[in-house]
Each structure stands twice: as C-alpha cells, then as structure tokens.
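Have a look at the structure below before the remarks.
The values are calculated or read from the model by the stated rules, or taken from the named source; none is laboratory data. Predicted model, so just to flag it, every value in this text is computed and none were measured. For neighbour counting, all protein chains shown are included, and Cβ atoms are generated from backbone atoms with ideal geometry for every residue, glycine included. The accessibility values were calculated without ligands, DNA or RNA, using every heavy atom of the protein model including side chains. Shrake-Rupley method; radii C 1.70, N 1.55, O 1.52, S 1.80 Å.
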Amino acid sequence: MSKIDRVLRSNLKLRHLQLLVALDQFRHLGRAAEFLAVTQPAVSKTLAEIERMLDMTLFERSTRGTEPTAAGVSMVRFARSVLAGFERTRDEMAAEASGTRGRTSVGAMVVATPVLLARAVEQLKARSAQTTVLVEEGDLTRLLPKLRMGELDLFVGRLEPGYASPDLETEALYDEPMVAVVRPGHALLAQPASWQALADMPCVMPPPWASLRVKLEQQFFAHGLHPPADLVESASFLSQISFLHQRGAVAFMARGVAEHFAQQGLVAVLDLPVPIDLPAVGLITLRGQPMTATTRLLVECLRGVVGNSLATARHGEQLQHGR
C-alpha cells in the first residue's frame, strides 16, 4: 500500500477534510479559522500535519492568502466528495431513526423549477410529508460539479449536449420551447408582436456564454436586425421579473414557466414564435452512484408529472379537434 493510499484510507479525519474545504472556500487562513471556530495557529498546524502525512504541499501561502496547488485541488475534490457522502449517510440514518422518509438534494434550472419540480415535490410530500428536499438553483456549469462531488443527488434541467460525459446518466423527459414575455399591460401587447419591436426594447438576455444567448441573437440576425443594445444579462428568474416590471424589458422564458407565471399575473406572453432548437428537459444522475430511496421516489414523481401533463395535453387536443 502506497503512502498516499494509506493516508487517504486510514490517516485522514473529518476535521482534516473540513479544513481543506474551508481553506479552498475562503483562501485565507484567518477566515478559515473563523469559520471553523478555531485559532489561526491551529489551522496552520493542522494543514502542516496533512501536508506532512502526504509529503506534499497542498496550499501555497502568501501575503495575499492561500492558493491550492495541483495536489491541493485534488485533495479538496476528494474532501468534498467524502464530506458529501458523510452528510448524506448522516441524514438518512437520522431520518430512519425519526421515522421520516429521508432527504434528497436536487440541482435545478429555472426551466424545471416552478412547474415540473414543484409538482413532483408536491406529489412526494403527499406520499411522505416529512421528507426533506433541498433545491439548489443554477445552471449546468455550477451544478454538475456539485453532482459529481456528491453534494447533489440529482439534476433537473435542460440536457445540453455539450455537457454529455461518460460519468453521467441522462434521461430526457420532454421538450420545452421558448417564448417572449413582458409585464402585464406592456405597450407591445397592444400591437402585433415582431422581432423589430423587440430589437428596439430593453431586453433581459442569458449570459454571453449560454448557448441560448447565441440562438436568440441568431433570430434577430435572421430577421435582418441587430440584437437589442439595451441589455441586462442574467439567467436568474428573479432578475428577469424585476427588470420586466421596473424597466419594461422583454425577456425569454420556457413556455411552461411563462404560462405558469402568466396565470399569476406576473408576466404576459407575446404572440411571437421563437423558433429555436433547444435540448430536452430531463434528469442527470451520476453513473454508477446508487440513488437513495428518497431520490428514487422523487424521480418517480418527476416522471409521473410529465406523464400526467402529456396525457392532459393529448386530451385537450382531442377535445379541440372534436374527437
């Protein structure tokens, strides 16, 4: 057994792992000490102890703070994974002891949160009211690392093909097109909607690195227009709603999300096709990582919501066509 193998298997303790994660998070000995409720000399001593066991430098110290070395980055990733597994096991055992159904952690994009995930959680709670669901919103760049480190059990959102990887299991659930939205009573609602009218308005767009941003800009170019110059760039639903109401801006949302909030009077959907090709909404889990019973139950509920929605949509189409 190599020295590194022996240290990882036997010598490291939870306090060592917690220290590594805190140092990576704060990049400063003093702030890490404050977070861990210990003294700064104690942090320095423990870090030196870990580095001595591994015979490697994990963090470079300077007057500007601490920065992980290549070995430090690997150790922090290991520490986060182990701590996530510890927390999951602790929660499952505590739930079992208290008679509840457990806990699951879900990373979700806005496209899935207010309709799909909310209804699935409602079904889950109907079957087990004391089950806890932790929801963390974000995009793939932020949530996939957490899924890989075990900090999340499941991802729900758009299955961007650029993020496909052998270590990930994906399951497409349904297609969700985009629509353009404004605040209720907006001037654009009183006239035929057009890309020309949108180009002249303040607009909330996805960040420049998002594939959706490129596809939306291509729609303006396809109509011989430049994209709006008065922009706010954000993937946050709260930001979209705020700027729609405060600046009279136009934004783009998944149709199901927009229709959901239109029913609540928060937005109005423009009668304007947004013909862009988008990946399906679905699930991502870590390949080879068994799901907890609670996570499996939530996945069943997510599939059930989609199945019920499709059945309702088909029934509505049949009624519309008089069949």
HN-Hα couplings for segment 42-49 via Karplus (6.51, -1.76, 1.60; θ = phi - 60°), in whole Hz with x for Gly/Pro, come out as 5, 5, 4, 5, 5, 4, 4, 5
Against the 2.2 N^0.38 Å scaling, with N counting residues, where does the chain land? I'd like the Cα-based Rg ratio to two decimal places. 1.22
Just to confirm, what accessible area per residue do you get for the chain at 1.4 Å probe, in whole Å²? 53 Å²
Lys, Arg +1 and Asp, Glu -1 on Cβ, resulting dipole of segment 97-184 about Cα centre, debye, nearest 20: 420 debye
Along Cα→Cβ, 7 Å out, is where each label goes; now give me the distance between the ones at residue 49 and residue 223 in nm to one decimal. 6.5 nm
Ignoring any ligand, DNA or RNA, what whole percent of the accessible area of segment 3-79 comes from carbon and sulfur when the probe is 1.4 angstrom? 52 percent
Nothing charged except the Cβ atoms of Lys and Arg (+1) and of Asp and Glu (-1): what's the magnitude of the dipole of the chain about its Cα centre? Round to the nearest 20 debye. 920 debye
In the calculated pair distance distribution of segment 3-79, what percentage of Cα-Cα distances lie above 20 Å? 20 percent
Inter-site label distance for residue 87 and residue 10 at 7 Å from Cα along Cβ, in nm: 3.0 nm
Rg/Rg_ref, segment 53-94, where Rg_ref = 2.2 N^0.38 Å and atoms are Cα: 1.56
Using 0.36 nm per residue, how much length does the chain from residue 135 to residue 264 gain when fully extended, once their Cα-Cα distance is taken away? 44.2 nm
Amide H proximity to residue 174 below 5 Å, modelled H, separation 5+ or other chain, gives 281
On the full set of protein chains, 1.4 Å probe, figure out the accessible area of residue 163 and give it in Å² to the nearest 10. 90 Å²
Rg and Dmax in Å for segment 178-269, alpha carbons only: what are they? 12.2, 35
Taking only the alpha-carbon positions of segment 176-229 and ignoring solvent, what does the Debye formula give for the base-10 log of I(q)/I(0) at q = 0.13, 0.16, 0.24, 0.25 Å⁻¹? -0.33, -0.51, -1.08, -1.15
First compute the accessible area of segment 178-269 with a 1.4 Å probe, then give the percent of it belonging to carbon and sulfur atoms. 55 percent
